[in-house]
Amino acid sequence: MLGGLRLRRARSSCESLSTFAVGFQPSTPSDLPPDANLKLLCLDGRLSEALWEMAVLATEVMFRGYDALVTECVNRRALTEGRRVHAHMIKTSYRPPVYLDTRLLIMYDKCGVLADAREVFDGMPQRNVVSWTAMISAYSQRGYQSEALGLFRWMLRTGVPPNQFTLATVLASCTGPQGLEHGREVHSLAIKNNYESHVYVGSSLLNMYAKASEIQDARKVFDMLPDRDVVSCTSIISGYAQLGHDEEALEVFQKLYKQGMECNYVTFVSLLTSLAGLSALDYGKQVHGLVIRQQVPFYVILQNTLIYMYGRCGSLSYSRRVFESMPERTVISWNAMLVGYGNHGLGREVIALFKSMRNVKPDHVTYTAVLSGCSHGGLADEGLKIFNSMVTEKVMQPEIGHYACVVDLLGRAGKIEKALEFIKGMPLEPTTAMWGSLLGACRVHGNISAGEYTAQRLLCIEPENAGNYVILSNIYADAGRWENVIRVRELMKEKTIMKEPGRSWIYLNKIVHTFHSSDRTHPQRDEVHAKVRDLYEKIKEAGYAPNLSCVLHDVDDEQKERILLGHSEKLAIAFGIMSGPQDGILRVTKNLRICVDCHNFAKLVSLVSGREISVRDSKRFHLFANGECSCGDFW
DNA sequence: ATAGGGTTAG
């Protein structure tokens, strides 16, 4: 009978009388606990009515009733309501069991108030492994790694053994400088507790190792997993991808795919990132086809990655097609498209697209993309105007990358002194990227004194980068200062140069052919070297002369010429020409920046062979046609 | 009740 009374009281507060108390069975009301109706209201999603009921019931709300209330608050992320439930417990002197305290902690965490979650945690008379794990997870997911690790240690000290949830959670906080150390400790703990081969723990472990660049350890964990699922398979692929081990990422994907691995959009995102790095257009298209055939839902992130992949593979029309097909775009979609145009030197397209941005707010990446796009596209004045508008229209505070773009823009326009002044007036420390682009500008504009100053600055910060010495050597050689060329070479010898070896590659029928400088490993090396010689003779007639200042070895000119002709991009280009089908663009990818001599070589080869040659170097695309390059000789 | 993988620039 009390139940009936309560029902009537609650009803008076309710607007829609006819729909009230769905599912309430009035048969034997006295058998039901007093908060039965409260539970039903929660299950029915009628939270405000349930809260009213809670207030009316006062001290008669029991464990199940509170549980239902808190659960509904968690589901809805309803903080205000959650606080009322918590306050009600305190007011009615209800002493929640561990379970309910933990639920409250989770409620505050999911509602985004970490401090309140922690307050609940600290006030708990007892804690179990779930309470500890929930609290660790709360810190971990917000990036408070040391707090998460500290709690984990505290938990171990109190004698609560971690379970698979705890281990998977805490491993996500094992990143950063000492992450590996902590991660290894957690790993041995996982082994001790027999959780090493658990799927979740395993993928967390391998991610921890991948983030610490210990990819072999990650692979070991992966290989030992008895049951693999999408996430663990994707983790190893993305581990390789994020460390730039793109070949391995593709290789392991191919192997797992043959074994029937399940793929979802995260898998494809990781894989496509690696294919972008490899410039593997054919594979990229194939994976795109797989995405469509598998009817993977068209998540924005996946489409953004497709835009990026096509851009990096030199196929802007495909990028644009994906971009146009998107029902919704984020700022990243626009940025990926802008970056693609910019890397191809299409400044006009960059500006047009930038001006047509709708429904999104440009961010700092947008401005970096636009400014560097202007620079690569030869639109120095437009770029400077856009930078100034950032400041005057208070769009955002320019960051170091934006300043670097301005240095590049000024340098391109030949305003070297202004660029130097700009660097001096900056509120930030100049970076190697800035000095590097300025040095390039000094070369293009033949400014020796500024070049010397810039090189001095650059070589102080980055003495191990051989490319910097080469450009300085180019500057001196262009001015006929041979004694300085020799000095640069000696300067370079003093420092031990840890140069990343030059490497170029080209795809033919989905087979990647990689060439290293003076390659002696490719099966057709003799033919390839002969083809370079052959091209060399042909382009000499068109005015090519080897630029010996690109070689900083202490050898005679004949030997220098041999070294120059052995540069990996020349080998790749020659291989592409000799292997044709003779149509379409020849696409070469290089891991470093292309040198002046190879740039000249490619221009003239495009002229005498009548083929279009695209070279993606570490900075941008160069499209060579009829003896000209899309970069306008500035890069 | 508590858990693992993903996008743009440099």
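The values are calculated or read from the model by the stated rules, or taken from the named source; none is laboratory data. Predicted, not measured: the structure shown is a model, and the values here were computed from it. Cβ atoms come from the backbone with ideal geometry, glycine included; neighbour counts cover every protein chain shown. Accessible surface areas use protein heavy atoms only, side chains included; no ligands, DNA or RNA. Shrake-Rupley method; radii C 1.70, N 1.55, O 1.52, S 1.80 Å.
Ignoring everything but the protein chains, give the 1.4 Å probe accessible area of A:Cys313 in square angstrom, nearest 10.
A:Cys313 exposes around 10 Å² with every protein chain in place.
Kindly report the accessible area of the range A:334-398 per residue (heavy atoms of protein chains, probe 1.4 Å, no ligands, DNA or RNA), in Å².
Value for the range A:334-398: 46 Å² per residue.
For the range A:243-276, which GluC sites (Glu not before Pro) are in a loop by DSSP, counting at most 15 other Cβ atoms within 10 Å?
Taking the range A:243-276 and a limit of 15 other Cβ atoms within 10 Å, the loop GluC sites (Glu not before Pro) found are A:Glu262.
Does the range A:504-629 come out rounded, prolate or oblate, given a ≥ b ≥ c as the square roots of the eigenvalues of its C-alpha gyration tensor, rounded meaning a/c under 1.5 and, failing that, prolate meaning a/b above b/c?
Because its axes are fairly even, with a/c under 1.5, the range A:504-629 counts as rounded.
Where in the range A:330-372 is the amide nitrogen less than 14 Å from a point lying 7 Å along the Cα-to-Cβ axis of A:Glu612?
A:344-346
Would you work out if the range A:190-262 is rounded, prolate or oblate? Take a ≥ b ≥ c from the square roots of the eigenvalues of the alpha-carbon gyration tensor; rounded if a/c is under 1.5, else prolate when a/b is larger than b/c, oblate otherwise. Intermediate results must be reported in sequence, preceding the final value.
Details: a/c = 2.37, a/b = 1.29, b/c = 1.84.
Here the range A:190-262 falls in the oblate category.
Taking the 0 to 90 degree range and rounding to the nearest ten, how far is the long axis of helix A:199-211 tilted relative to the main principal axis of chain A, both from C-alpha atoms?
40
Distance cut-off 28 Å, Cα to Cα: go down the list A:Lys110/A:Lys394; A:Lys418/A:Lys495; A:Lys493/A:Lys619 and report the pairs above it.
A:Lys110/A:Lys394; A:Lys418/A:Lys495
Label points 7 Å out from Cα along the Cβ direction at A:Lys394 and A:Glu251: separation in nm?
Going from the A:Lys394 label point to the A:Glu251 one covers 5.6 nm.
Apply 1/(1 + (r/R0)^6) to the Cβ-Cβ distance of A:Asp31 and A:Ala87, taking R0 = 45 Å, and write down the FRET efficiency to the nearest 0.05.
Using R0 = 45 Å, I get an efficiency of 0.90.
For a Förster distance of 22 Å, can you work out the FRET efficiency between the beta-carbons of A:Glu60 and A:Val98, rounded to the nearest 0.05?
Efficiency computed from Cβ-Cβ geometry: 0.50.
Give me the angle, in degrees from 0 to 90, between the Cα long axis of helix A:47-57 and the longest principal axis of the Cα atoms of chain A, rounded to the nearest 10.
Tilt relative to chain A: about 30 degrees.
As I understand it, the value is the acute angle between the Cα axis of helix A:2-12 and the longest principal axis of the Cα atoms of chain A; what does it come to in degrees, rounded to 10?
50
Ignoring everything except DSSP H segments at least 4 long, calculate the 222 nm mean residue ellipticity for chain A; use -39,500 (n - 2.57) per segment, divide by total residues, nearest 500.
Working: 33 runs with 403 residues, N = 635.
Taking each H run of at least 4 residues, the total per residue is -20000 deg cm²/dmol.
Quote the FRET efficiency, to the nearest 0.05, computed for A:Val296 versus A:Asp363 with a Förster distance R0 of 22 Å and r equal to the Cβ-Cβ distance.
Efficiency at R0 = 22 Å is approximately 0.25.
In nm, to one decimal, how far is the modelled label at A:Ser213 from the one at A:Arg348, with both set 7 Å along Cα→Cβ?
Reported label-point gap for A:Ser213 and A:Arg348 is 4.4 nm.
Among A:Pro327, A:Ile292, A:Ser315, flag the residue with its Cα farthest along the positive direction of the charge dipole of chain A, charges on Cβ as +1 for Lys/Arg and -1 for Asp/Glu.
A:Pro327
Just grab the label-to-label distance for A:Asp554 and A:Asp633, each label 7 Å out from Cα along the Cβ direction, in nm (one decimal).
My value for the distance between the label points is 3.3 nm.
State in Å² the accessible area per residue of the range A:172-277; use a 1.4 Å probe, count heavy atoms of protein chains only, and round to the nearest integer.
With the other protein chains kept in place, the range A:172-277 gives 47 Å² per residue.
Full-extension gain between A:Glu429 and A:Glu462, please, as 0.36 nm times their residue separation minus the C-alpha to C-alpha distance. Write out the running numbers ahead of the final one.
Numbers: separation 33, 0.36 × 33 = 11.88 nm, distance 1.45 nm.
Full extension of this stretch gives 10.4 nm more.
Among the aspartates and glutamates, which fall within straight-line cross-link reach of A:Lys355, defined as a Cα-Cα distance under 13 Å, with same-chain neighbours fewer than 8 residues apart omitted?
A:Glu382
Given 0.36 nm per residue, what is the gain on full extension from A:Leu243 to A:Trp154 after removing their alpha carbon distance, in nm?
Roughly 28.7 nm would be gained on extension.
Determine the share of chain A's accessible area contributed by carbon and sulfur atoms, expressed in whole percent, with a 1.4 angstrom probe.
After summing per-atom areas, the C and S share lands at 52 percent.
Translational diffusion coefficient, Stokes-Einstein: compute it for chain A using the Kirkwood radius over C-alpha pairs as Rh, at 4 °C and 1.567 mPa s, and state it as an integer in µm² s⁻¹. Kindly include the intermediate steps, with their values, before the conclusion.
On the way: Rh = 29.3 Å.
Stokes-Einstein gives a translational diffusion coefficient of 44 µm²/s.
Using a simple charge model, +1 on the beta-carbon of Lys and Arg, -1 on the beta-carbon of Asp and Glu, nothing else, what dipole does chain A show about its Cα centre, in debye to the nearest 20?
My answer is approximately 1140 debye.
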